[in-house]
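Data block below; observations after.
The values are calculated or read from the model by the stated rules, or taken from the named source; none is laboratory data. All values reported here derive from a predicted model rather than from experimental measurement. Here the Cβ is made from the backbone with ideal geometry for all residues, glycine too, and neighbour counts use every protein chain on show.
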Amino acid sequence: MSNQKKNNEEEVDLGAVFIIIGKGFANLFNFIGNVFKGLFHFLIQILLFLKTNAVKLVVATIIGGVVGGIIQYYSPKKYTSQMLIEPNFKSTRQLYTNIQFYDDLVKQKDTVGLQKVFNLSKEEAASLKTFEIEPIRLENDIIAAFDELILSVDTLTIRSYSFEEFKKSFTDYDYKVHKINVVAEKNDVFQKLDEVIIGSIIDNKYFNRFKKITNDNLNRTDSIFKANLSQLDSLRLVYMKVMVEEAKKQNSGTSIDMGGENTKTKELELFQTNRQINGELRLLAIEKAKKYEIVNVISNFQPIGNEIKEISKNLTFQLAVLAFAGMALLLLLGKLNNFLNNYSK
């Protein structure tokens, strides 16, 4: 009887567990169903709102578009041009500061200041509307910078500093290539700007001193590598002579080995070292080309700017969207007001 009682109790316990699990799954599915129902109800409410107020919204959008079109028609055309540059010797921050200064002159409508800075006429200076700068964001720049960090610090230090942490600390100033964008109402003013923008950096004494030290070190390393190559060539000639002498002795019937195998091994090692140094020289040549100037100009401003025709910058589109959003907001505020009045009753 006791065994039967135990079996009955175990069956009851298992049944209770299955009931609890079943209720848990039911609650989960009910929750998911309620979420979808809520989203569906919200979507229907939006569609009903649009249907009920379609006429008002369309009229507001048309009025906004017409007003924007009239303003756009009578406003002077705007042109844009870009320049791509690669700053060296940590001059990026100074470049951003300078571009911000030029943009502040534009915002303050300081035509005289712009004339002096860029040596422009009054009309050309007044035509400038915006100076902007932003990095060309490439994941490879972050990876390359992290590799340089790994090579420059000890292993114990880098173990406590992950790539994700390094990536979070990577700023706009740390990217290699940057784009300067200028907007103006005259399409032929841009070619007068790039020399002044670049000159404001390369005339800095600190950057010039940094450039000289860096290039001197690169030239010194280049000379050392070339001297090593010359020494390797001399050693290879010596080993070649030794191998020729060994070959002559073997042909004459002498069986004494004067270290021929060892000579061949050393000659092969010299060949590998020669290839390695040549590879280092190629990388050094690329580095010297990059660090030859304080700022590398990848592409200058185009002599004739491009007319801005992007829909997102079109006043007709902008005011149409703004009018639609404004009318929708007013209608929603009206519904909210009615709801609050009914709730208070």
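Before moving on, here are some points about what is shown:
- If you go through the range 214-235 and keep only what is among the β-branched types (Val, Ile, Thr) and under 11 Å from Glu287 (Cβ atoms), you end up with Thr214, Thr221.
- Any pair with Cβ under 6 angstrom, 6 or more apart, that starts in the range 187-214 at a residue that is assigned by TED's automatic domain parsing to the domain that holds Val106 and over 12 Å from Ser91 (Cα atoms) and ends at one that is of a type in the set (Asp, Glu) and in a helix (DSSP H, G or I): Val189/Glu124
- Selected residue [in the same structural domain as Ser200 (by TED's automatic domain parsing), surrounded by 15 or more Cβ atoms within 10 Å (Cβ to Cβ), under 30 Å from Phe317 (Cα atoms) and over 21 Å from the mean Cα position of the chain (by Cα)] from Ser81, Ser127: Ser127
- Test set (1) more than 30 Å from Ile71 (Cβ to Cβ); (2) at pLDDT below 70 - Ser312 fails condition number: (1)
- Count - residues of the range 67-102 that are in a helix (DSSP H, G or I) and in contact with a helix residue (DSSP H, G or I) (Cβ under 8 Å, 6 or more places away or on another chain): 13
- Within the range 51-69, being among the aliphatic types (A, V, I, L, M) and either surrounded by fewer than 10 Cβ atoms within 10 Å (Cβ to Cβ) or at pLDDT below 80 (or both) holds for one residue alone: Val55.
- One residue alone among Ile62, Ile99 is in contact with a strand residue (DSSP E or B) (Cβ under 6 Å, 6 or more places away or on another chain) and of a type in the set (A, V, I, L, M), and that residue is Ile99.
- Note on the range 188-197: residues that are touching a helix residue (DSSP H, G or I) at 6+ places or on another chain (Cβ under 9 Å) and crowded, with 18+ Cβ neighbours inside 10 Å amount to 3.
- Hey, Glu132 farther than 30 Å from Phe271 by Cα, without any contact (Cβ under 8 Å) to a residue 60 or more places away in the chain, exposed (fewer than 13 other Cβ atoms within 10 Å of the Cβ) and within 22 Å of the chain's Cα centre (by Cα) or not: no
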